[in-house]
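Please treat every number below as a calculation from the coordinates, not as lab data. Source: prediction; values computed, not measured. Cβ sites come from the backbone with ideal geometry, for glycine too, and all protein chains shown count toward neighbours.
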Amino acid sequence: MLGLGGIASQSHVDAFQGIAPIFRRRGIELDWVLYSGYDALVDAFVSREIDMAWNGPLSYVKIRRQVDEPCRVIAMRDVGINFVTGFITRQDSDITTVEDLIGRRFAFGRRGSVQTGLLAHYFLKQSGINPRSDLAQFTFYDERDAGAVSLGTLDAMNRKGALPADSVRVLWSSPGYSHCCFTAQGDMNGTVSDEVEQAFVSIDDSDAVGRTVLKAEGCRSIVPGISEGWDLIEAAALEEGLL
């Protein structure tokens, strides 16, 4: 019996309720458990209470720094590869470069967001801007002269018509990085590991269960995990004192 852990959210409940029967169809017995937050999930994985964790990017970086034996990114959402943060402004704004943000009002995303919180703050500092002293004001969500957003989210809003055409302009885009991932213990049997990866990758929208999982995770497919794209998150977290 393999144990899969995640944080206590409705999307994870919906996803895990679908993943378990999909695994059983392929002969893999799976049980799942939810934790109060990502730090509790990290502790459970490091103490080997669970075999796999559905990690956010920061919790994965915390795990890989704490385990004695390298863990494995066994699967990811298709949207979690080459994730990009963008800085946007109004189409008619006179802001054209990151340097033009000095003295302006800037909106970050959610406080707990890696892509529009931690990394956006880090990217500004890497560009030579100290958010605390160089911006006129910064906050979360409120309307400002410019702000940070996931370009994937921006594309989705455009496709759904939730954002008026040509209402915003991307003035800067980050390098690509990795996002959420299913993480497996590094000493998981090779055959079992391959079977688990294939079980995740087999999830599609051809039946109701698969559609429920993909909808819960906001993606079109689950793909094999990659080991690249995490160093940027680690560097940002180290600089901000989160590791």
C-alpha long axis of helix 151-160 to longest principal axis of the chain, angle in °: 90 degrees
So the angle from the long Cα axis of helix 10-25 to the longest Cα principal axis of the chain, reported in degrees to the nearest 10, equals 30 degrees
Distance from the Cα centre of region 12-47 to that of region 181-243, in angstrom? 12 Å
Extension gain from Q198 to D94, taking 0.36 nm per residue of separation minus the Cα-Cα distance: 32.5 nm
For region 85-173, calculate the relative contact order in percent as a whole number, restricting contacts to Cα pairs under 8 Å that are 6 or more residues apart. 49 percent
Measuring from centroid to centroid over Cα atoms, what is the spacing of region 57-85 and region 106-165 in Å? 23 Å
With +1 on each Lys and Arg Cβ and -1 on each Asp and Glu Cβ, how big is the dipole of region 85-173 about its Cα centre, in debye rounded to the nearest 20? 380 debye
For helix 190-201, report the angle its Cα long axis makes with the longest principal axis of the Cα atoms of the chain; keep it between 0 and 90° and round to the nearest 10°. 60 degrees
Reviewing (1) 11.8; (2) 13.4; (3) 18.7, the figure for mean projected area of the Cα convex hull in nm² actually calculated from this model sits under (2)
Cα-only Debye scattering, region 1-124: base-10 log of I(q)/I(0) at q = 0.10, 0.15, 0.21 Å⁻¹: -0.45, -0.81, -1.26
Hand me the GluC sites (Glu not before Pro) from region 1-110 located in a DSSP loop with no more than 11 other Cβ atoms within 10 Å, in residue order please. E29
The size of the Cβ-based charge dipole (Lys, Arg +1; Asp, Glu -1) of the chain about the Cα centre, to the nearest 20 debye, is 520 debye
Dipole of region 85-173, positive direction: furthest Cα of L171, I102, T116, with charges on the beta-carbon: T116
